[in-house]
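Have a look at the structure below before the remarks.
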Amino acid sequence: MAKIKSSYFCQNCGQNSPKWIGKCPACGEWNTFVEEIVQSAASLRGTSIGLESKKSLPKKLLEVEFENENRIDTGSGELNRVLGGGLVLGSLVLIGGEPGIGKSTLMLQIALKMKHLSVLYISGEESEQQIKMRATRLGEDKAETYILTETSTQVIFKHLEKLQAQIIVVDSIQTLHTETIESSAGSISQIRECANELQQYAKLTNTPVFLIGHITKDGNLAGPKILEHMVDAVLQFEGDRNYGYRILRSVKNRFGSTSELGIFEMQSSGLREVLNPSELLITQRDENFSGITIAATVEGMRPMLIEIQALVSSAAYGVPQRSTTGFDSRRLNMLLAVLEKRHGFKLSSKDVFLNVAGGIRVDDPAVDLAVVAAVLSSNEDMPVNPKVCFAAEVGLSGEIRAVNKVEQRISEASKLGFEKMFISMHSFKGLSQKNYPIELIPVSRIEQVFSNLFG
Ligand code: TYD
Ligand code: MG
C-alpha cells in the first residue's frame, strides 16, 4: 500500500506547507491552512480516469496537422462571442460567479439550447426534480439533455463511457470528489485532482467541459487559483443582484480575446440576451440633472454607451468620502487629484460619489473624460447636454489622451442619436469630420472641455 502522506493547504489560494502555519505566506490570509491527505503522485498516474492515454512522441511542428479550429455554436450569441467565436472542442471552461447570480440557470439554458448535441448536465448541488423544475421554468424542451446527480468522478467517468455525451457541464467543481484522494469534497487537493481528471477526459475525448465554480465574498474563485491555471478559459458571471443585468466576462481565454463581454437580463423565464446594451444602459430622462454624462466605451469588440453619474457635495464630516460603484476607486482618486492639482478645482474637501448606471463595471480608460465631466458638472451644479458623449483618457498631467477604436465609438454614438462627442485631439488626427453625422470636438486640455460645457 502506498504510504499515506498528508500536507497542509491554504484553502484560499492553494499554497502548500508540510506543517500547519497561521498566516499564509502567499496570500496573507489567516487560519486558512487545513490538513489534507495526499497520495504520492506516482501511485495515481494514469489510473484515475480509466482511459488509455495517447502515446506522446516529439514531433516536428511542421508535421503537426492543423485541424481547422472546430468551434461549436452554443446557441447563445453572447456566450459564443465571449468564448471567442464558439466553443472549442476539448476545452475546459470555468464559469465563476457568486451564489445565486445565475450560473446554473445559464448553463442549463445553454444545455437545452444546443439542440443538435447531446449534453450531460452533472449536478452535485440540486436534485433531478429541482433541475426539472428549472428546465420547465426556462420553457425549453430537448430530448438530448441528460441529467446526472452524482459527485464521484469515477462513477461519472463510468457513465460517460456509455453515454458519450458531446458536451459536459459540471455544477459545481467544488462538490465533486475523486476516490484517489482522501480529503473531503471542496478541499484544495480534491478540486485540483477532479479538475485534472476532467481536463484529461476533455483532451482525450475532445469533449468540451464546462465547470461551474463558486466565488468567495472577496470575488476570488473559491479555493484555488490553481483552477484558473488549469482551464482553457475562465468566464466570470457577475452583476448587481438589485438589477436584472448579468455580465459574462472573459478573464482568461486561450482561444480568444479576454476583453469580451456578454450581457444578459434575468427574467422570470430565464436569461435573455441583451443585443443592444446601449439603449438599456442609458436612462431615458425628461429632466436634465447635473452630474450625469455618457461615456462611449468599447468592451472587447463591442462599442457601448454607458451612463456615468457623479455626486459632489461638501463633506459632512472631517474626512471627505470617496465612493464608487462600477469604477475603480483608485482611478477616481487619481482623476480628482489631477483636477485639484493641475486645474485648481477645490475637491479635496468634498464628498465624491460615482456610479456607473445599470450595475455594470467598466475598466476601459476611455471613460475617464466622462467621469471628469460628470464630477465637474455636479460640482458646478450645471447639467451636461444629454446629446453629448465622451471618449478619452485623462493623463496624470491633465492631458487628454487618445483611445483605441475611436471610429467604432463614434459610429455607435451617431447611431444612437448623439449630436456631439468629445475626443482627444490626437484621436481626431486622421479622422475627417465630414464622414460623421456627429459633431466631433477635439480637445487636449480639461479647461477646453470645461469652457465648452459650462463656459
Ligand atoms: P441560479 O442559477 O440558481 O444561481 P447560481 O447557480 O449561480 O447559484 O440562479 C438563481 C437565481 O435566479 C434565483 O434568485 C432565481 C433567479 N431566476 C430567475 O429570476 N428566473 C429564472 O427563470 C430562473 C431559473 C432563476
Ligand atoms: Mg447553482
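The values are calculated or read from the model by the stated rules, or taken from the named source; none is laboratory data. What you are looking at is a predicted structure, and each value in this text was computed from that prediction instead of being measured. Here Cβ is always computed from backbone atoms with ideal geometry, including for glycine, and neighbour counts include all displayed protein chains. Surface accessibility is based on the protein's heavy atoms, side chains included, excluding ligands, DNA and RNA. Shrake-Rupley method; radii C 1.70, N 1.55, O 1.52, S 1.80 Å.
Scanning region 28-68 for residues that are open to solvent by less than 60 Å² (accessible area, probe 1.4 Å) and at pLDDT 75 or above yields G28, T32, F33, E36, I37.
With the condition being of a type in the set (A, V, I, L, M), I'd like the strands (runs of 3 or more DSSP E) fully within region 247-326 carrying at least 2 qualifying residues. Explain how you work it out, then say what you get.
Working: elements: 261-267, 270-273, 292-299, 302-314, 322-325.
Because the criterion is at least 2 residues that are of a type in the set (A, V, I, L, M), the strands (runs of 3 or more DSSP E) in region 247-326 that meet it are 261-267, 292-299, 302-314.
Annotation for region 391-400: at least one member residue is crowded, with 17+ Cβ neighbours inside 10 Å, part of a loop (DSSP other than H, G, I, E, B) and at pLDDT 95 or above. Based on this model, can you work out whether L87 counts as more than 30 Å from Q15 (Cα to Cα), at pLDDT below 95, surrounded by 17 or more Cβ atoms within 10 Å (Cβ to Cβ) and not hydroxyl-bearing (S, T, Y)? Here the answer is yes, as L87 does meet what is asked.
Taking S377 as the residue in question, decide whether it is more than 21 Å from S290 (Cα to Cα) and of a type in the set (S, T, Y). For S377, the condition - more than 21 Å from S290 (Cα to Cα) and of a type in the set (S, T, Y) - is not met. In region 99-124, the qualifying residues are those that are surrounded by fewer than 17 Cβ atoms within 10 Å (Cβ to Cβ) and of a type outside the set (G, A, S), and the one that is farthest from ligand 2 (Cβ to nearest atom) is H116.
Of the residues making up region 358-376, just one is surrounded by fewer than 24 Cβ atoms within 10 Å (Cβ to Cβ) and farther than 14 Å from D328 by Cα, namely G358.
The residues on offer are K350, K405, and the sole one that is more than 19 Å from T283 (Cβ to Cβ), more than 25 Å from the chain's Cα centre (by Cα) and of a type outside the set (V, I, T) is K350.
Scanning region 158-174 for residues that are open to solvent by 10 Å² or more (accessible area, probe 1.4 Å), under 30 Å from the mean Cα position of the chain (by Cα) and under 22 Å from V88 (Cβ atoms) turns up just one, Q166. Here V82 fulfils each of the conditions (1) within 12 Å of ligand 2 (Cβ to nearest atom); (2) over 30 Å from S7 (Cα atoms); (3) crowded, with 23+ Cβ neighbours inside 10 Å apart from (1).
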